[in-house]
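First comes the structure, then the notes that go with it.
The values are calculated or read from the model by the stated rules, or taken from the named source; none is laboratory data. All of these numbers come straight from a predicted model, not from anything done at the bench. Because the Cβ atoms are built from the backbone with ideal geometry, glycine has one as well, and the counts that use them run over all protein chains shown. Accessible surface areas use protein heavy atoms only, side chains included; no ligands, DNA or RNA. Shrake-Rupley method; radii C 1.70, N 1.55, O 1.52, S 1.80 Å.
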Amino acid sequence: MFASPIARSSCAIILALGLAFAVHVGGADAQQPSPTAIATAKELITVKGATALWEPLVPGVSQQAKSVFSQANPTLIKELNEVAVKLRAEYAPRSAEVVNDVAKLYASRFTEQELKDTLAFYKSPLGRKLLTEEPSILDQSMRNAQSWADRLSQEVIGKIRTEMKRRGHEI
């Protein structure tokens, strides 16, 4: 969208770790959601396309680990690349663990019926349209917000200069 793949991977890693932590910390006192609620939440996550957020996690972690070792011993780069590719394939199924954790978060905050209703909405023509249009709306919103912030910044800078000049300072 509007960030580099590395930045998205880093953000996804941080988000996933934070969500996993929240599930474990917050889940201790909360009532466990039902298997049906968790399954519905997983389907909701899939329909919304949110699983794409976690796709970069395994490759990102593998790349990070490879980088640590290659910095320590650059002569091993070829072998480290081979091992990293192997491990990416081996650990790829583990990304389902993040989906499970996020599904538990949804299922602990929404009733089964709310999850079913939300899922029905996202499967409806309007819900599918929202899923299709929302990424471009968010991208344009970010561009609009950046332009607005740039204009506001220039206005604030002008006001500060004017006020400082009035106080006898040329900046």
| task | Using Cα positions and a limit of under 28 Å, work out the lysines in reach of Lys104, with same-chain residues fewer than 8 apart set aside. | result | Lys42, Lys48, Lys116, Lys123, Lys129
| note | Percent of all Cα-Cα pairs per 5 Å bin for the range 112-171, counting from 0 up to the last occupied bin, reads 4, 16, 11, 11, 9, 9, 8, 7, 6, 6, 5, 5, 3, 0
| remark: Within the under-14-Å Cβ sphere about Glu134, not counting Glu134, Lys/Arg +1 and Asp/Glu -1 give a net charge of +1
| query | Can you run phi through the Karplus equation (6.51, -1.76, 1.60; θ = phi - 60°) for the range 56-71 and list ³J(HN,Hα) in whole Hz, with x for Gly and Pro? | reply | x, 4, 4, x, x, 5, 4, 5, 4, 5, 4, 4, 4, 6, 6, 5
| request: Could you tell me whether the range 97-144 comes out rounded, prolate or oblate from its Cα gyration tensor? Rule is a ≥ b ≥ c as square roots of the eigenvalues, rounded for a/c under 1.5, then prolate if a/b exceeds b/c, otherwise oblate. | output: oblate
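Stokes-Einstein diffusion coefficient for the range 32-106 at 10 °C in a medium of 1.306 mPa s, Rh from the Kirkwood formula over Cα pairs: what value in µm²/s?
Details: Rh = 14.0 Å.
Value of D from the Cα-based Kirkwood radius: 114 µm²/s.
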| message | Solvent-accessible area of Arg161, probe 1.4 Å, all protein chains present, reported in Å² to the nearest ten, please. | response | 130
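Cα-based Rg of the range 61-171 per 2.2 N^0.38 Å, rounded to two decimals? Before the final figure, lay out the partial values.
On the way: Rg = 25.7 Å, N = 111, 2.2 N^0.38 = 13.2 Å.
Taking the Cα Rg and dividing by 2.2 N^0.38 Å, one obtains 1.95.
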| request: Keeping every protein chain in place, order Phe69, Phe121 by accessible area at 1.4 Å, biggest value first, i.e. largest first. | output: Phe69, Phe121
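Based on the alpha-carbon gyration tensor of the range 66-131, what equivalent-ellipsoid semi-axes (square roots of 5 times the eigenvalues) come out, in whole Å, largest first? If you can, show how the numbers build up before the last one.
Values: eigenvalues 359, 42, 19 Å².
After diagonalising the Cα gyration tensor, the semi-axes are 42, 15, 10 Å.
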